[in-house]
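Working notes, beginning with the structure itself.
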Amino acid sequence: MNNNKKNQTKAVILDLDGTLIDLKVDWVLVRNKMTDFCSKNGIKASFAYPKPIYEIAKTVSKTKKFYAGLIAIIAKEELKSVKKAKLMPGAKDFLEFLYTGGVSFAVLSNNNSQCVAEIFKKFKLPNSKIVIGSDNVKHLKPHPEGLNKIFGKMNIKNTECLLIGDSDAELQLGKVAGVRTFIVGGRTKDFSQLKNILI
């Protein structure tokens with residue numbers, strides 16, 4: 001890596017689902033199960049798309065235990081999906097590029113951290129020392145809570161990292177936090193082009 005770059009990237013922060021892998025979670029099934037869970041407990045609720053399921057869960061939950069029950073449904077289905085998950089093109093090669101080049105990287109995902117760990121184990125990916133999942137924060141992306149936690153753990157500034165994702169959540173997060181952000185799998189960048197930024 002070029003250590004003489006004026007604005008050297010000290011760390012890369014990556015999303016998981018849709019960026020590194022295609023998790024293939026059946027979100028319709030998840031939403032239906034959460035609706036059924038509420039119904040069985042005497043609560044009328046709709047988890048219909050497009051409202052974020054975590055927001056609905058917080059709204060309908062009167063106790064922490066009930067909320068935990070709803071979130072457990074999500075975590076269970078995410079873990080089940082690990083078996084059929086597939087790597088996104090160029091993802092493993094890019095992580096190995098970061099690892100061999102000495103560039104630190106973290107994972108910031110709206111998926112459960114256990115799911116992230118199982119994915120890295122399944123595909124034998126270079127391990128990230130820092131993983132912030134849905135179970136590690138109160139507010140999911142595009143809220144900056146998770147990103148700020150990573151800044152603190154890695155002792156870096158917003159100008160010293162690169163945020164990589166696949167959705168508007170990362171674009172919004174990058175804008176709010178003042179972080180260079182790139183979207184892979186679309187018109188913006190792919191992993192091979194991102195290597196050039198870090199060389």
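So the values come out like this:
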read-out	value
Evaluation of residue 25 against (1) under 29 Å from residue 153 (Cα atoms); (2) in contact with a Lys or Arg (Cβ under 9 Å, 6 or more places away or on another chain); (3) of a type in the set (A, V, I, L, M) (one fails), failing number	(1)
Residue within the stretch 29-43 that is modelled with pLDDT of 95 or more, closer than 23 Å to residue 71 by Cα and of a type in the set (Ser, Thr, Tyr) present	yes
Whichever residue in the stretch 12-42 is touching a Leu at 6+ places or on another chain (Cβ under 8 Å) and more than 30 Å from residue 150 (Cα to Cα) and, among such residues, is surrounded by the most Cβ atoms within 10 Å (Cβ to Cβ)	34
Number of positions in the stretch 158-199 that are part of a loop (DSSP other than H, G, I, E, B) and at pLDDT 95 or above	2
Flag if residue 95 is touching a residue at least 40 places away in the same chain (Cβ under 8 Å), crowded, with 21+ Cβ neighbours inside 10 Å, among the aliphatic types (A, V, I, L, M) and in contact with a strand residue (DSSP E or B) (Cβ under 8 Å, 6 or more places away or on another chain)	yes
Tabulated pairs, the stretch 140-160, first touching a residue at least 12 places away in the same chain (Cβ under 8 Å), second in a helix (DSSP H, G or I) and charged (D, E, K, R), C-beta under 8 angstrom, 6+ apart or interchain	141/170; 142/168; 142/170
From the options 50, 89, residue that is outside the structural domain of residue 173 (by TED's automatic domain parsing) and assigned to a loop (DSSP other than H, G, I, E, B)	50
Residue count for the stretch 138-195, restricted to those that are in contact with a Lys or Arg (Cβ under 8 Å, 6 or more places away or on another chain), aromatic (Phe, Trp, Tyr) and under 17 Å from residue 20 (Cβ atoms)	1
Residue match in the stretch 97-106 (condition: part of a helix (DSSP H, G or I) and touching a Phe, Trp or Tyr at 6+ places or on another chain (Cβ under 6 Å))	yes
Subset of the stretch 101-136 (residues that are farther than 19 Å from residue 150 by Cα and either among the hydrophobic types (A, V, I, L, M, F, W, C) or at pLDDT 95 or above (or both))	118, 119, 121, 122, 123, 124, 125
Close pairs (9 angstrom Cβ cut-off, 6 or more residues apart or separate chains): surrounded by fewer than 11 Cβ atoms within 10 Å (Cβ to Cβ) in the stretch 48-62, charged (D, E, K, R) anywhere	49/31
Residue within the stretch 71-81 that is outside any strand (DSSP E or B) and either at pLDDT below 95 or aromatic (Phe, Trp, Tyr) (or both) present	no
Residue that is farthest from residue 13 (Cα to Cα) [pool: residues in the stretch 53-70 that are at pLDDT 95 or above and assigned to a loop (DSSP other than H, G, I, E, B)]	63
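Every residue, every condition in (1) in contact with an Asp or Glu (Cβ under 6 Å, 6 or more places away or on another chain); (2) more than 23 Å from residue 16 (Cα to Cα); (3) not assigned by TED's automatic domain parsing to the domain that holds residue 134, yes or no:
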position	(1), (2), (3)
43	no, yes, yes
54	no, no, yes
61	no, yes, yes
74	no, no, yes
106	no, no, no
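The values are calculated or read from the model by the stated rules, or taken from the named source; none is laboratory data. Quantities reported herein were computed from a predicted structural model and do not represent experimental measurements. Every residue, glycine among them, receives a Cβ derived from its backbone with ideal geometry; neighbour counts consider all protein chains shown.
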